[in-house]
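Input: a single structure, listed below in structure tokens.
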Amino acid sequence: MARNATNELLQKAKKSKSDEFYTQLSDIESELQHYKSHFENQVVYCNCDDPRISNFFNYFTSNFNELGLKKIITSCYREQVKNLFNTEEDEKGFFFEYTGTEGEKNKPTSTDLVYFNGDGDFRSSESIELLKQSDIVVTNPPFSLFREYVAQLVKYDKKFLIIGNINAITYKEILVLRFVLCNGREL
């Protein structure tokens, strides 16, 4: 079932300079149905997703066996914030690995999460180590860092399905990538 697409949320996010966009499960199901055969025996990394609320994570855990996945890794960035109410020096990013083993929860609690030493930014060495373990990356990356994000995926030769702003297809870095992909490189 298609949903009514409006840009109201995008306009609000633009005004507040926010990169937080949550992708609806129905949109994920609709798009990923075309790629099911590509996931067999793969490690999927959702490196911009809180596993407690991510619909990408929900999709992959719900379809783990049907897709024949090996593992799902999801990691989450936590902005370092200091304020009067925050008793911690900073908040750390975290990740969660799901292998579909019997008895394993597909909705992690705080005690199931593994905390990074840092904030969990996709550019951090800790996040890159998880990226190296993966076969394919599926997420909704920060739009403001889209060029840098795609460059990292290309650098580490990762297959990916990511959501981006429609204007991203006009970025010179993306146009070059599209040229390479269309001229014989396996997708």
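Across the cross-link table entries 71/172; 36/105; 107/155; 105/155; 36/92, which are compared at the Cα atoms, the separations over 30 Å belong to 71/172; 107/155; 105/155; 36/92.
Residues in the range 28-37 carry Karplus couplings, in order, of 5, 4, 4, 7, 6, 4, 7, 10, 3, 5 Hz; the curve used is 6.51 cos²θ - 1.76 cosθ + 1.60 with θ = phi - 60°, and Gly or Pro positions show x. Taking a Cβ cut-off of under 13 Å around residue 107, the surrounding Lys, Arg, Asp and Glu residues balance to a net charge of -1, with basic ones at +1 and acidic ones at -1.
How much net charge surrounds residue 63 when only other residues with a Cβ under 10 Å from its Cβ are counted (Lys, Arg +1; Asp, Glu -1)?
Numbers: positive: 36; negative: 29, 66.
Local net charge: -1.
Taking the Cβ of residue 136 as the centre, find all other residues whose Cβ is under 10 Å away and add up their charges (Lys, Arg: +1; Asp, Glu: -1). Within the 10 Å Cβ shell, the charges total +1.
Only the coordinates and a few stated rules stand behind these numbers; no lab work does. Here the structure is a predicted model, which is why all the values come from computation and not from measurement. For neighbour counting, all protein chains shown are included, and Cβ atoms are generated from backbone atoms with ideal geometry for every residue, glycine included.
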